[in-house]
Amino acid sequence: MNVKDIPVIAIDGPSASGKGTVAQRVAEKLGFHYLDSGALYRLVALVAMRAEIDLTDETALADIARDLEVVFAGAKIHLQGEDVADAIRAETCSNGASRIAAYPKVRTALLQRQRAFRQLPGLVADGRDMGSVVFPDAALKIFLTASAETRAQRRYKQLMEKGIDANISTLLQDIRERDARDSNRSVAPLQQGADASLLDTTSLNITQAVDEVLRQYAEICAKAV
Ligand code: CDP
């Protein structure tokens, strides 16, 4: 079987839009594999920061991206045997990831690694460039977004639930800065592609968003037979 025949659902969108949760649930419902591409950028940032590598040293960062020894096992992310699933969610890693993601060499080094997730019976991949660069032939491309205020509130709630203190106006400012950096970079910027379907979740809950993605995918499958 040709790898191109393995269906991909690409879910791209800005920070804290809920795309990770939606993508994971869609994957569960369909029995598909799941790729959290942001985790790869976060991992590169984590390794670089731990090794005190300058986050502007593109070549060194690309080497890290190429050599990452990572195993995704459900909710766990094993980096050379250590579970770093929580460590990569820290705000320092979020900011580091967004900075290093602007380097073309880093993105290229992660390309094949991401494409290797495309396995039967299918893949749901979330990130910024899943539909535009990594899986341009995806069966369904969703651009999942919500207003910056709604996203800041969601992140605030998430952090509170984890017992992490946060300030909503700082979170909003951080989201706006990250949006600007992700959207304005010259390689693989965050933007809704012409072939992507816009899903604004400002007034939708997770279940409604998941159902909408599943509905669109079922429609595509029905057309294909
Ligand atoms: O969860 P959140 O949306 O805040 O972040 P993430 O999806 O884990 O991604 C972290 C950072 O990695 C983003 O700010 C992007 O700059 C970068 N990223 C990217 O450039 N391309 C991707 N496909 C995924 C993430």
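Which pairs have Cβ atoms under 7 Å, sit 6 or more apart or on different chains, and link a residue in the stretch 174-198 that is within 18 Å of residue 149 (Cα to Cα) and in contact (Cβ under 8 Å) with a residue 60 or more places away in the chain to one that is charged (D, E, K, R) and open to solvent by 30 Å² or more (accessible area, probe 1.4 Å)?
182/128
Is at least one residue of the stretch 139-154 farther than 28 Å from residue 29 by Cβ, assigned to a helix (DSSP H, G or I), open to solvent by 30 Å² or more (accessible area, probe 1.4 Å) and not small (Gly, Ala, Ser)?
Scanning the stretch 139-154 turns up at least one residue that is farther than 28 Å from residue 29 by Cβ, assigned to a helix (DSSP H, G or I), open to solvent by 30 Å² or more (accessible area, probe 1.4 Å) and not small (Gly, Ala, Ser).
Need pairs with beta-carbon distance below 6 Å; first residue over 25 Å from residue 205 (Cβ atoms) and of a type in the set (Phe, Trp, Tyr) and within the stretch 119-147, second modelled with pLDDT of 95 or more and more than 13 Å from the ligand (Cβ to nearest atom); sequence gap 6+ or separate chains.
Matching pairs, first to second residue: 135/8.
If residue 119 passes every condition in (1) open to solvent by 60 Å² or more (accessible area, probe 1.4 Å); (2) in a helix (DSSP H, G or I); (3) of a type in the set (S, T, N, Q) but one, which one does it miss?
That leaves (2) as the condition not met.
Quick one: count up the residues across the stretch 95-124 that are over 30 Å from residue 170 (Cβ atoms) and near the ligand (Cβ under 8 Å from one of its atoms).
Of the residues in the stretch 95-124, 1 are over 30 Å from residue 170 (Cβ atoms) and near the ligand (Cβ under 8 Å from one of its atoms).
What residue, of 8, 26, is under 15 Å from the mean Cα position of the chain (by Cα), in contact (Cβ under 8 Å) with a residue 60 or more places away in the chain and away from the ligand (no atom under 14 Å from the Cβ)?
It is 26.
Quick one: how many residues across the stretch 181-225 are at pLDDT below 90 and assigned to a helix (DSSP H, G or I)?
The total comes to 6.
With respect to residue 125, determine if the residue is hydrophobic (A, V, I, L, M, F, W, C), under 27 Å from residue 86 (Cα atoms) and open to solvent by less than 20 Å² (accessible area, probe 1.4 Å).
Yes; evaluated as a whole, the condition is true for this residue.
Looking at residue 216, is it more than 13 Å from the ligand (Cβ to nearest atom), of a type in the set (S, T, N, Q) and either touching a residue at least 12 places away in the same chain (Cβ under 8 Å) or farther than 21 Å from residue 101 by Cβ (or both)?
For residue 216, the condition - more than 13 Å from the ligand (Cβ to nearest atom), of a type in the set (S, T, N, Q) and either touching a residue at least 12 places away in the same chain (Cβ under 8 Å) or farther than 21 Å from residue 101 by Cβ (or both) - is met.
Return a yes/no flag: does the stretch 158-177 have any residue that is part of a helix (DSSP H, G or I), within 11 Å of the ligand (Cβ to nearest atom), open to solvent by 40 Å² or more (accessible area, probe 1.4 Å) and within 17 Å of residue 200 (Cα to Cα).
no
The values are calculated or read from the model by the stated rules, or taken from the named source; none is laboratory data. Only a predicted model underlies this, so the values are computations on that prediction, with no experimental measurement involved. A quick note on method: Cβ atoms are made from the backbone with ideal geometry, for glycine too, and the neighbour counts reach across all protein chains shown. Protein only, heavy atoms only, side chains kept; ligands, DNA and RNA dropped before computing areas. Shrake-Rupley method; radii C 1.70, N 1.55, O 1.52, S 1.80 Å.
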